[in-house]
Amino acid sequence: MLENILLNYVVFLLKIITVVISLIILLAATIKLKKDGKENDNGVIKITDISEKILNQKEELEESMMDEEELKKKKKQKETKTKNNTISKRLFILEFNGDIQASGTKSLREEITAIINIAKPEDEVLLKLESPGGLVHSYGLAASQLQRLRDNGIYLTIAVDKVAASGGYMMACVGNQIIAAPFSFIGSIGVIAESVNIHKLLKKHDVDVDVITAGKYKRTLTLIGENTEEGKRKFQEELSEIHMLFKNFVSKNRPELDIDNIATGETWLGEKALELKLVDQIITSDDFILKAVKDRKVYLIKYKEKRSLTEKIGIQFETSIQNIINKILEKNTNIK
């Protein structure tokens with residue numbers, strides 16, 4: 001009996017050790033990935049002709065329902081159309097799926113630089129944006145990247161199929177126009193910060209904590225030290241200041257908004273967002289692209305980084321951890 005217990009315990013320990021070693025290896029790969037990412041920039045811009053794909057699909061479907069005579073007529077029309085094809089306008093499609101750190105900004109920067117280098121006055125950009133927001137400085141930089149398009153006279157449409165909230169809406173409002181799906185979530189023009197404090201728990205167990213700072217407001221809130229009312233007030237002031245900057249940024253880009261009415265931290269579905277002038281049109285990105293194909297060449301622009309096997313493992317590890325966190329958050333989140 002005792003031998004079996006010991007054996008099971010040893011097996012359990014071996015499993016734990018294996019998991020820990022695996023995590024250490026993956027963490028080391030992640031650290032190397034981040035270090036290499038700063039030192040090397042060996043990415044490439046990939047361009048995919050979306051319009052050709054859509055038009056070819058349409059023709060295949062049409063031809064599959066034609067008889068032989070109709071196919072011959074269609075072939076002659078196609079030849080004439082090819083000879084007289086004078087479409088010069090282009091629509092460049094970008095995609096941004098935002099996380100807390102807006103980590104897609106690096107790729108967005110490269111893609112926007114590429115477009116600025118080749119864009120003509122009649123060209124436009126469509127950004128398919130999905131983001132619930134995140135860190136203020138990260139999304140501020142992402143919004144600044146989009147502003148580069150506007151500064152270079154390139155018309156920018158932002159498409160929201162699911163969500164553009166908080167930092168996501170900060171990005172969206174930079175566009176010349178915002179389109180949204182009927183049930184997309186829009187808005188959340190507010191600022192939030194949460195802080196856990198375990199000072200009372202430590203004090204209960206006779207654990208002393210000293211938080212030493214130089215500068216009166218170097219640390220307004222702390223995890224393990226005692227938070228003062230003065231520190232809390234200062235932190236609230238800082239949040240309010242950030243909120244005011246956020247409101248001013250949105251107002252500057254969308255002056256038609258009643259900013260005090262909508263900058264409450266609330267989110268709205270697409271139809272209501274249209275009524276409040278947070279968006280300009282209710283339409284999905286798919287339908288917008290289908291319409292654009294009629295008189296434009298449409299290209300998907302993607303920045304791809306060349307990565308080693310170690311880097312790919314590191315990315316997979318980070319993605320797995322992020323997915324676990326997202327699932328935990330989803331289980332504890334309800335639509336209200």
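FYI, it's all coordinate maths here, none of it is from the lab. In this text the structure is predicted, and so the values were computed from the model without any measurement. Here Cβ is always computed from backbone atoms with ideal geometry, including for glycine, and neighbour counts include all displayed protein chains.
General remarks:
- Entries of LYS162/LYS304; LYS128/LYS218; LYS128/LYS277 with Cα pairs more than 29 Å apart: LYS128/LYS218
- Whole-angstrom Cα spans of segment 106-229 along principal axes, big to small: 69, 36, 23
- Neighbour-count ranking [beta-carbon atoms within 10 angstrom, fewest first] of ARG233, ARG254: ARG233, ARG254
- Under the convention that each Lys and Arg Cβ holds +1 and each Asp and Glu Cβ holds -1, the size of the dipole of segment 214-273 around its Cα centre is about 320 debye.
- Spatial separation of Cα centroids for segment 158-198 and segment 231-295, in angstrom: 7
- Ordering of 137-150, 157-170, 178-191 by packing [mean C-beta count within 10 Å, highest first]: 157-170, 178-191, 137-150
- R0 of 41 Å, Cβ-Cβ distance GLU229-LEU141: FRET efficiency to nearest 0.05: 0.75
- Its Cα centre serving as origin, segment 248-297 has a Cβ charge dipole (Lys and Arg +1, Asp and Glu -1) of approximately 380 debye.
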